[in-house]
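The values are calculated or read from the model by the stated rules, or taken from the named source; none is laboratory data. Keep in mind the model is a prediction, meaning the values are calculated, not measured. Please note: Cβ atoms are built from the backbone with ideal geometry, for glycine as well, and neighbour counts cover all protein chains shown.
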Amino acid sequence: MIRQAGKKVLIEKLLDEKKEALHFTLIDPDRQTPEKAKAIAKKCQQYDTDAIMIGGSSSFNQRLLDDTVRAVKESVDLPTILFPNSAATVSRYADYIFFMSLLNSKDFRYLIKEQVSAVPLIQSAQLEPISMGYLVISTSSKPTTIEKRVKLDVIDEKDVTKAVDYALAAQYLGMSCVYLEAGSGAEKPVPTEMVQAVRTVLGVPLIVGGGIREASQAVAIVRAGADVIVTGTIVEQDISRLKSLIRAVKSQRYEK
Ligand code: 1GP
């Protein structure tokens with residue numbers, strides 16, 4: 001089947017349907033067994049998360065990834081979206097894949113090379129790609145995993161104009177959404193001033209993640225204009241806190 005360019009992609013569909021900010025849970029297959037991932041996904045669905053993202057680790061184990069995706073799909077009735085760190089972390093069992101380019105990478109690999117390598121599997125598995133402009137924002141004094149791994153054209157947390165220009169470049173290139181990423185386990189999230197400045201000009205959904213651990217942080221980021229909040233570490237550290245965080249995200253007045 002040839003998917004048509006320009007049709008509404010998952011995030012827009014969910015925003016139209018739910019008319020509230022969304023929360024996506026990130027599950028890293030390397031952090032727990034598939035059985036445990038299954039239980040986590042179930043709990044997150046009960047807490048009202050909107051989708052399960054799978055990926056994000058620096059290592060690679062195809063079997064573990066496949067088993068985790070299958071386990072999650074067995075336990076929840078939510079979209080599963082791959083969040084790959086390379087072409088080697090693509091599973092044929094998911095529903096969607098963030099087809100993402102790390103736009104402020106100085107390394108060709110993360111801009112387009114890994115994406116091209118992933119095409120045959122995406123096509124044969126009929127995974128639905130969600131094109132995304134991925135921007136890593138430096139908010140931490142110690143480099144995050146992604147900052148250690150990839151040589152970046154650094155976007156400092158204070159460099160709002162640079163973030164805005166990159167985000168608009170993603171939109172002009174036709175990407176369906178933009179992700180402002182502070183990095184998993186970041187000391188602090190992307191600043192609200194930056195989220196707000198990007199939101200003001202951006203016409204596609206805005207995803208924000210990395211370092212969000214408190215409901216108050218998530219609320220501030222939604223108020224600044226994020227459409228989707230992503231959390232990962234909190235699920236591994238203290239899943240009970242996720243319930244109030246998701247509730248807080250969804251209690252915000254949301255105007256698209
Ligand atoms: C990482 O933005 C996600 O890609 C989630 O970050 O693990 O800090 O929640 P955390």
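Worth pointing out:
- Pairs linking a residue in the stretch 192-218 that is more than 23 Å from Thr25 (Cβ to Cβ) to a residue that is part of a loop (DSSP other than H, G, I, E, B) and at pLDDT 95 or above, with Cβ atoms under 6 Å and 6 or more positions apart or on different chains, are Gln196/Gly225.
- Only residues that are under 16 Å from the mean Cα position of the chain (by Cα) and more than 10 Å from the ligand (Cβ to nearest atom) were counted in the stretch 226-242, giving 3.
- Counting only helices (runs of 4 or more DSSP H) that sit completely within the stretch 1-84, those holding 1 or more residues that are touching a helix residue (DSSP H, G or I) at 6+ places or on another chain (Cβ under 7 Å) and surrounded by 23 or more Cβ atoms within 10 Å (Cβ to Cβ) correspond to 34-46, 62-75.
- The stretch 168-202, residues that are more than 16 Å from the ligand (Cβ to nearest atom) and within 27 Å of Lys113 (Cα to Cα): Leu168, Ala169, Ala170, Gln171, Tyr172, Leu173, Gly174, Met175, Ser176, Leu202
- Criterion (over 26 Å from Val69 (Cβ atoms) and under 17 Å from the mean Cα position of the chain (by Cα)) met by exactly one of Glu147, Glu128, Glu157: Glu147
- The condition of being within 10 Å of the ligand (Cβ to nearest atom), at pLDDT 95 or above and not in a strand (DSSP E or B) holds for only one of Ile207, Ile221, Ile212, Ile246, that being Ile212.
- Residue satisfying all of: in the stretch 221-247; of a type in the set (Lys, Arg) and touching a residue at least 60 places away in the same chain (Cβ under 8 Å); farthest from Ser57 (Cα to Cα) among these: Arg247
- Pairs are defined by a Cβ separation below 8 Å, a sequence spacing of at least 6 or placement on different chains, a first member in the stretch 160-177 that is touching a residue at least 12 places away in the same chain (Cβ under 8 Å) and of a type in the set (S, T, N, Q), and a second member that is part of a loop (DSSP other than H, G, I, E, B) and surrounded by fewer than 16 Cβ atoms within 10 Å (Cβ to Cβ); the pairs so defined are Gln171/Gly203.
- Here Val154, Val178 are screened, and the one residue that is hydrophobic (A, V, I, L, M, F, W, C), modelled with pLDDT of 95 or more, surrounded by fewer than 23 Cβ atoms within 10 Å (Cβ to Cβ) and under 14 Å from Asn104 (Cβ atoms) is Val154.
- Filter pass, Lys256 being assigned to a loop (DSSP other than H, G, I, E, B), surrounded by fewer than 19 Cβ atoms within 10 Å (Cβ to Cβ) and away from the ligand (no atom under 12 Å from the Cβ): yes
Yes/no per residue for (1) touching a residue at least 60 places away in the same chain (Cβ under 8 Å); (2) closer than 16 Å to Gly210 by Cβ:
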| site | (1), (2) |
| --- | --- |
| Ile81 | yes, no |
| Tyr96 | yes, no |
| Ser101 | yes, no |
| Lys106 | no, no |
| Ser117 | no, no |
| Leu135 | no, yes |
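- Here the condition is being under 16 Å from the mean Cα position of the chain (by Cα) and either over 22 Å from Tyr254 (Cβ atoms) or among the charged types (D, E, K, R) (or both); of Leu173, Leu180, Leu135, Leu168, it holds for Leu135 alone.
- Residues that are surrounded by 19 or more Cβ atoms within 10 Å (Cβ to Cβ), under 20 Å from Ser58 (Cα atoms) and touching a helix residue (DSSP H, G or I) at 6+ places or on another chain (Cβ under 7 Å), drawn from the stretch 102-151: Leu102, Leu103, Asn104, Ser105, Glu114, Ala118, Gly133, Leu135, Val136, Ile137, Ser138
- Taking the stretch 197-210 as the range and being of a type outside the set (Val, Ile, Thr) and under 16 Å from Ile155 (Cα atoms) as the test, the residues that pass are Ala197, Gly209, Gly210.
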